[in-house]
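Beneath this line is the structure, given in structure tokens, with notes to follow.
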Amino acid sequence: MIKSTISETVHGCSFCMEFNQMYKESFFYKNIACLYKLQERVLFSTKYWVVVPSVGSFVPGYLLIITKKHYFSVLDCPEDYFEELEKIISFLGSLIEKVYNKKTILFEHGAVNDRLKGGCCVDHTHIHVVPFDGELLNNDYIKVLSRKKFERFTTLQDEYQNKKDYLFYQNNFGERFIFENDVIVSQFFRQILCQELGIMNKWDWRKNYGVDIIINTINSITSYKKQNQLITNL
């Protein structure tokens, strides 16, 4: 069982509850783990981050990279978190290509505080990692957004920290973009991606937990870990 080393927990945050084994207050344990007899969903762990299959999965291999400690977004994290994050992103891209024969896209709905949630539903840093061969930049809803290309998260911290919510996206080629908009709809990238996949009834994680896919992802990646002697702690 993975337990976070954080000393302070933000009460009301489902991720904080989950990683501190506060089962009665964790969304995942109350609504999924208990009903489907899952012990936990942490597939990989580092000093600062964990990797889990996403609630609301609509394709196998859909993962989240989550901070153990409570921060609002990637750009709210301390600078020393980024070296680990870059390694995890590279590792998962390779893993997903081997397990699922797919490229990956990444996205985040970045909040700067608990009032501006950047189109996300949980104000605790989590990056979506999705097996998907394709490009979302050509989508009409994304074309109209103001965007900026960047390479490393550290270059954006001074500009965005404590200022404005944002959207982050990384495509199949590792190109990274940040988007701004005055109004960001809930689960924006999930809606766009489901539109591209032709499964619009699956975008809302609150209505579609995707439990069968979560279990499939856990089993597939756990099997790959055993076959290749990979350990949980990276």
Q: Could you list all residues from the range 44-60 that are aliphatic (A, V, I, L, M) and either more than 13 Å from the chain's Cα centre (by Cα) or over 16 Å from residue 29 (Cα atoms) (or both)?
A: 50, 51, 59
Q) Across the range 140-158, what is the number of residues that are surrounded by fewer than 16 Cβ atoms within 10 Å (Cβ to Cβ) and out of contact with any strand residue (DSSP E or B) (no Cβ under 9 Å at 6 or more places or on another chain)? A) 7
Q. Could you give every pair whose Cβ atoms fall below 7 Å, whose first residue belongs to the range 191-211 and is touching a residue at least 60 places away in the same chain (Cβ under 8 Å), and whose second residue is of a type in the set (Lys, Arg), counting only separations of at least 6 or pairs across chains?
A. 194/202; 203/190; 208/202
Q. From the residues in the range 24-41 that are modelled with pLDDT under 90 and in a loop (DSSP other than H, G, I, E, B), which one is surrounded by the most Cβ atoms within 10 Å (Cβ to Cβ)?
A. 26
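The values are calculated or read from the model by the stated rules, or taken from the named source; none is laboratory data. Here the structure is a predicted model, which means the values were calculated and not measured. Here Cβ is always computed from backbone atoms with ideal geometry, including for glycine, and neighbour counts include all displayed protein chains.
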